[in-house]
Amino acid sequence: MTSYADFYRRSMDEPDDFWTEQAQLIDWQQPFTRVCNHDKPPFVHWFEGGKTNLCHNAVDRHLKDRPDQAALIYVSTETGVEKTYSFAELHREVQCMAASLQALGVQKGDRVLIYMPMVAEAAFAMLACARLGAIHCVVFGGFASGSLASRIDDATPKVIVSADAGSRGGKIVPYKPLLDEAIRLSHHKPEAVLLTDRGLAPMNIVAGRDQLWSDLRVRHIDAQVPCAWLDSTDISYTIYTSGTTGKPKGVQRDTGGYAVALAASMKHIFDGRAGETYFSTSDIGWVVGHSYIIYGPLIAGMATLMYEGLPTQGLDQQPDGGIWWRLVEKYKVTAMFSAPTAVRVLKKQDPALLKKYDLSSLRALFLAGEPLDEPTARWISEGLRVPIIDNYWQTETGWPLLTVANGVEKTPSKFGSPGIPMYGYRVKLLHESTGEELTQPNEKGVVVLEGPTPPGFMQTIWKDDTRFVNTYWKSVPGKMVYSTFDWGIRDENGYYFILGRTDDVINVAGHRLGTREIEESISGHAGVAEVAVVGVADSLKGQVAMAFVVPKDSSVLLDAAAALKLEGEIMKRVDGDLGALARPSRVRFVSVLPKTRSGKMLRRAIQAVCEGRDPGDLTTMDDPAALQQIKELVSAD
Ligand code: AMP
């Protein structure tokens, strides 16, 4: 067996041979002629000359050996629906969806925006786009009209695929009115909207634009739509993520490199084998959903379990904190992927639930998206008695950057550390201000990558190469390195520890949010003069957003009832613009916000005060009373 150290070294020293080998894990309709083109850094083109298709690799190529094997297991504890699609059945549904999209005018290169709850049709739509070479842009269903409108304007989709409603904890969340409002707000208008009617909420159908999937499905159910053979470098999808400005970034991914990266990660990192079941509890609106609900497991010939619902509710819609373990037993799940927040929720359930089911099929639980605290890791590790594997990555990377590759060599994990650099990633720690590489153990620096970035990594920001270069590759003076915008340290054994973001991005229950986006929404309220939003540590969600507002009418500062009213209005506004997940846990009113003399908001100092930490050097602060005010408000709780 190869040691991981040798495996990693080969990926660094002989990348062409290494990735050519990995590329054999997928089908190519036409072989590539060049493995890695890094002639114009930081841009990388993987597997030039090659032609392939993500949908072919995820679905069609399994029809020969495993047509009747489960491919998509759909479980909704919100609606009580539980249905398994074999590879042959999935193939049929995806072709039908592809024919329906074609009927609505979708062609190669067109964008299709998918704004859907966790329903099987969302998976069909993503795979159908991949089949046609259309670019899908999935927008998380928890986002509201304002966020959706800005994404519609950026992606300019020909068609939007959506549904009547989602459901959360038994509460119906209508999607269609939010979508209609978003289309009203956006400058770009889609030609058609394809709607799945789940019978959860009434829909106002716009004649000439809105189409029902049920109508198109009967028309196209026997359609045969061949996979379009795409250049390896053709765009497969874009996915929006938050940064330091209010404008979300469309992370753009290729086709061939992504397929190879996922196939390789399924083998080396997730140790997933064809015929087995993979269960990721994420949502298709996030990168984990793209890589490890839809494409990764299917490319590996595994069944993927797609789940709609809370971790604490059963199929009969009654409370059941053991539902996930019940599903692991029933579908013989071998690899499970979730987030630390979900485990913290489960920790509040009866621990006997972990013993009630036969979990012997499970080989590992992978957790990602936010820091995994040691008590949570220990609790679940003792309960499940399988390795708990933390993995650190970003929407931009597409697959884990730091973890352990147990499929290559069993490597011990360390509590608190996601692990060691994965093959293909040249990970470095740099000094924040000098940009010097930190080589000694336990020095704190910014986690960066040297190019060329590996297959699966973002190609660029959709329609904006300049922003891609300026945002990610120019943050360290004199060096062209990719910044993760995360702080990290590396111990004497080469294990990395992630210490939080260097920028104004916060992480609420594993969901990445830009504080700037929330600030923009809040400052749109007529009663707000100025606002600062920071992320504050929370024992359940990791972080929550907290807003500090200078009201236009200073009487609010002295009138508790007026303050409560304004707080409620501001929260409602954020709900409407961005969605409830961006709603601050509190809105507090102050007369002035702490800034430097040059006017820069001291968000890190505000955050430190909220968390009871030392705010650090405040010599550049304009008005010390500003921070004192916040301290008093927070300590009054
Ligand atoms: P996203 O792009 O939404 O996946 O968010 C990526 C960010 O989440 C990273 O830059 C980190 O700040 C954080 N993150 C993701 N995974 C981990 C992890 N395993 N440990 C610590 N932080 C993580």
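The values are calculated or read from the model by the stated rules, or taken from the named source; none is laboratory data. What you see is a predicted model; the values in this text were computed from it and never measured. Every residue, glycine as well, gets a Cβ built from its backbone with ideal geometry; the counts of neighbours run over all protein chains shown. Surface areas here come from the heavy atoms of the whole protein model, side chains and all, with no ligands, DNA or RNA. Shrake-Rupley method; radii C 1.70, N 1.55, O 1.52, S 1.80 Å.
Brief remarks follow.
- For region 365-424, the set of residues classified as of a type in the set (G, A, S) and away from the ligand (no atom under 12 Å from the Cβ) consists of S381, G383, A405, G407, G424, listed by residue number.
- Residue count for region 361-373 satisfying the condition of being under 24 Å from L540 (Cβ atoms) and open to solvent by 30 Å² or more (accessible area, probe 1.4 Å): 3.
- Taken over region 150-167, the criterion of being closer than 21 Å to I518 by Cβ, within 19 Å of the chain's Cα centre (by Cα) and not β-branched (V, I, T) is satisfied by S150, R151, D154.
- Residue check for S236: within 16 Å of the ligand (Cβ to nearest atom) and either touching a residue at least 60 places away in the same chain (Cβ under 8 Å) or buried (at least 24 other Cβ atoms within 10 Å of the Cβ) (or both): no
- Considering the conditions (1) touching a helix residue (DSSP H, G or I) at 6+ places or on another chain (Cβ under 7 Å); (2) over 30 Å from Y495 (Cβ atoms); (3) open to solvent by 50 Å² or more (accessible area, probe 1.4 Å), R10 is excluded by exactly one of them, (2).
- The set of residues in region 242-253 being under 27 Å from D27 (Cα atoms) and open to solvent by 10 Å² or more (accessible area, probe 1.4 Å) consists of Q252 alone.
- Scanning region 307-346 for residues that are within 16 Å of the ligand (Cβ to nearest atom) and either assigned to a strand (DSSP E or B) or open to solvent by less than 10 Å² (accessible area, probe 1.4 Å) (or both) gives M336, F337, S338, P340, V343.
- Residue within region 261-275 that is under 19 Å from the mean Cα position of the chain (by Cα), over 26 Å from W229 (Cα atoms), within 15 Å of the ligand (Cβ to nearest atom) and small (G, A, S) present: no
- Among the residues of region 439-487, the one identified as farther than 19 Å from W393 by Cα and of a type in the set (F, W, Y) is W462.
- Check on G435, modelled with pLDDT under 95 and open to solvent by less than 10 Å² (accessible area, probe 1.4 Å): yes
- Residue check, Y357 in contact with a Phe, Trp or Tyr (Cβ under 9 Å, 6 or more places away or on another chain) and in contact (Cβ under 8 Å) with a residue 40 or more places away in the chain: no
- Boolean, T434 is farther than 25 Å from L367 by Cβ, away from the ligand (no atom under 16 Å from the Cβ) and either in contact with a strand residue (DSSP E or B) (Cβ under 7 Å, 6 or more places away or on another chain) or not charged (D, E, K, R) (or both): yes
- Within this structure, V556 fails the test of being open to solvent by less than 50 Å² (accessible area, probe 1.4 Å), β-branched (V, I, T) and in a loop (DSSP other than H, G, I, E, B).
- Residues of region 489-501 satisfying the condition of being open to solvent by less than 30 Å² (accessible area, probe 1.4 Å) and either over 20 Å from T403 (Cβ atoms) or within 9 Å of the ligand (Cβ to nearest atom) (or both): G500
- For region 438-475, the tally of residues that are more than 28 Å from R253 (Cα to Cα) and either open to solvent by 50 Å² or more (accessible area, probe 1.4 Å) or aromatic (F, W, Y) (or both) stands at 6.
- Any hit, region 71-85, residues being acidic (D, E) and buried (at least 23 other Cβ atoms within 10 Å of the Cβ): yes
A quick yes/no check of all residues on (1) buried (at least 19 other Cβ atoms within 10 Å of the Cβ); (2) of a type in the set (A, V, I, L, M, F, W, C); (3) within 18 Å of Y237 (Cβ to Cβ):
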{"site": "L90", "(1), (2), (3)": "yes, yes, no"}
{"site": "M118", "(1), (2), (3)": "yes, yes, yes"}
{"site": "G133", "(1), (2), (3)": "yes, no, yes"}
{"site": "P177", "(1), (2), (3)": "no, no, no"}
{"site": "A207", "(1), (2), (3)": "no, yes, no"}
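- Residue in region 518-526 that is among the β-branched types (V, I, T), closer than 29 Å to G250 by Cβ and open to solvent by 40 Å² or more (accessible area, probe 1.4 Å) present: no
- Positions within region 35-47 being under 26 Å from the mean Cα position of the chain (by Cα) and assigned to a strand (DSSP E or B), in sequence order: H45, W46, F47
- A single entry from G510, G514, G478 fulfils the requirement of being within 25 Å of R253 (Cα to Cα) and more than 9 Å from the ligand (Cβ to nearest atom): G514.
- Qualifying positions in region 202-218 - farther than 30 Å from D27 by Cβ and touching a residue at least 24 places away in the same chain (Cβ under 8 Å): P202, M203, N204, V206, Q211
- All positions within region 348-360 that are within 29 Å of the chain's Cα centre (by Cα) and surrounded by 15 or more Cβ atoms within 10 Å (Cβ to Cβ): Q349, L353, L354, L359
- For the criterion of being part of a helix (DSSP H, G or I), closer than 26 Å to V408 by Cα and either under 28 Å from the mean Cα position of the chain (by Cα) or of a type outside the set (V, I, T) (or both), S11 passes.
- Qualifying residues in region 189-200 (those that are within 15 Å of P157 (Cβ to Cβ) and more than 25 Å from the chain's Cα centre (by Cα)) - the one surrounded by the fewest Cβ atoms within 10 Å (Cβ to Cβ): K189
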